[in-house]
Amino acid sequence: MNEYLGEFFGTMILIVLGNGVVAGVLLGRSKSQNAGWIAITAGWAFAVMAGISIARAMGAPGYINPVGPLAGLVTGDLESEKVGWFAMAEFAGAFTGAIMVWLHYLPHWAETPDAATKLAVFCTSPAIRWPIANLVSEVIATFVLVFVAGAIAKNEVGREGIAPLVGGVVWGIGLSLGGTTGYAINPARDLSPRIAHAVLPIPGKGSSDWSYAWIPVLGPALGASFAAVLVKLVMISTIREKKILPNKQPVGILELAIQGITSGGLHSSNSGCKLNSNPKQDGKLPLFARACRSGGLPAAG
């Protein structure tokens with residue numbers, strides 16, 4: 001149960017800080033009004049770091065994004081029966097986070113006359129409305145997120161390095177690829193707050209733009225699936241070719257990060273990897289290994 005609660009609270013914090021920075025930049029009479037795109041992308045990067053950290057502290061994998069369980073299913077790292085529960089926890093957390101942002105900025109909604117600006121606090125919309133191009137943008141951006149996250153795990157950064165590095169990837173995606181659609185790259189981040197916008201009593205709000213809502217859901221799902229297939233074919237097969245792991249051993253993406261952890265109890269040898277004989281180091285490996293096996297691909301905003 002803790003792993004699902006962790007995904008719930010981690011995604012909630014993701015939205016509180018992520019949508020919160022958007023609200024601060026866009027809503028009328030906010031002290032951070034008009035701070036700009038750099039502030040928004042930085043805020044989302046820190047939101048991802050905080051969300052992953054909260055989720056992992058509670059025993060969850062730290063996906064905070066339904067594309068994470070989906071990618072884990074594709075790579076064989078996550079049991080199929082857990083995918084739906086993780087996704088539901090993340091959608092529920094995102095909805096709760098959106099309500100908290102609404103409450104935090106309660107006096108500012110009436111000070112913001114433009115309905116589209118209010119909607120932008122909750123969910124994404126394209127700079128140029130061209131559905132196919134918008135879908136491709138979300139596919140590419142999410143592909144980059146999942147593919148680079150897989151590489152981060154493969155490069156042995158260790159459990160403590162995942163959150164800041166994935167946050168940095170999300171920052172880079174926002175700066176480089178976010179100008180077209182607002183880089184949803186997370187179905188829960190977009191759909192749940194969009195639902196919150198539809199049901200909350202926001203003065204002067206307009207449509208929740210349901211005609212666009214399918215793109216930030218389908219695009220990330222496709223992008224994550226493509227990336228997970230490539231990770232499985234290229235990164236995991238590369239590890240096996242180097243005989244770091246036996247050919248028939250199931251490999252989870254985060255399990256790759258076990259290799260070479262300085263405190264994890266592994267060292268390389270001519271025959272592959274062996275447990276260190278140091279009991280102080282050996283004692284740390286099982287906990288890390290269990291955390292990895294419960295995970296898969298780290299995810300974000």
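No lab work stands behind these numbers, since they all come straight from the coordinates. What you are looking at is a predicted structure, and each value in this text was computed from that prediction instead of being measured. We place every Cβ from the backbone using ideal geometry, glycine too, and count neighbours over all the protein chains shown.
Taking amide H atoms as placed 1.01 Å from N in the peptide plane, the amide H of Leu78 lies under 5 Å from those of Leu73, each 5 or more residues away in sequence or on another chain. A protection proxy built from the mean count of other Cβ atoms within 10 Å ranks the segments 172-182, 10-20, 145-155, 24-34, most packed first, as 10-20, 145-155, 172-182, 24-34.
Counting other beta carbons within 10 Å of each residue's own, what order do Tyr105, Tyr63, Tyr212 fall into, fewest first?
Going from least to most buried by this count: Tyr212, Tyr105, Tyr63.
The separation of the stretch 110-170 from the stretch 28-81, counted between C-alpha centres, amounts to 9 Å.
On the basis of the beta-carbon distance and an R0 of 30 Å, Asn155 and Val229 show a calculated FRET efficiency of 0.90.
What you get for the stretch 94-182, charging only the Cβ of Lys and Arg (+1) and of Asp and Glu (-1), is a dipole of about 120 debye around the Cα centre. So, how do all the Cα-to-Cα distances of the stretch 1-119 break down into 10 Å bins, in percent, from 0 on up? Bins of 10 Å from zero give 15, 39, 28, 15, 3 percent of pairs.
A crude spin-label estimate for the pair Lys31 and Ala198, with each label 7 Å from Cα along the Cβ direction, gives 3.6 nm. Residue by residue, the stretch 41-46 carries 3J(HN,Hα) couplings of 5, 5, x, 5, 4, 5 Hz when phi is fed to the Karplus relation 6.51 cos²θ - 1.76 cosθ + 1.60 (θ = phi - 60°); x denotes Gly or Pro.
In order along the stretch 111-127, the Karplus-derived 3J(HN,Hα) couplings, from 6.51 cos²θ - 1.76 cosθ + 1.60 at θ = phi - 60°, round to 8, 10, x, 7, 5, 5, 5, 5, 5, 5, 5, 8, 8, 8, 8, x, 5 Hz, and Gly and Pro are given as x. Label zone (Leu106, point 7 Å along Cα-to-C-beta; backbone nitrogen cut-off 20 Å) within the stretch 200-214: 200-205. Note on Ala115 and Trp210: the extension gain reaches 32.7 nm, defined as 0.36 nm multiplied by sequence separation minus the Cα-Cα distance.
Size check on the stretch 99-211: the Cα extents along the three principal axes, sorted descending, read 49, 33, 20 Å. Evaluating 6.51 cos²θ - 1.76 cosθ + 1.60 at θ = phi - 60° for every residue in the stretch 142-154, the Karplus couplings come out as 6, 4, 4, 4, 6, 5, 5, 4, x, 5, 4, 5, 5 Hz, glycine and proline recorded as x.
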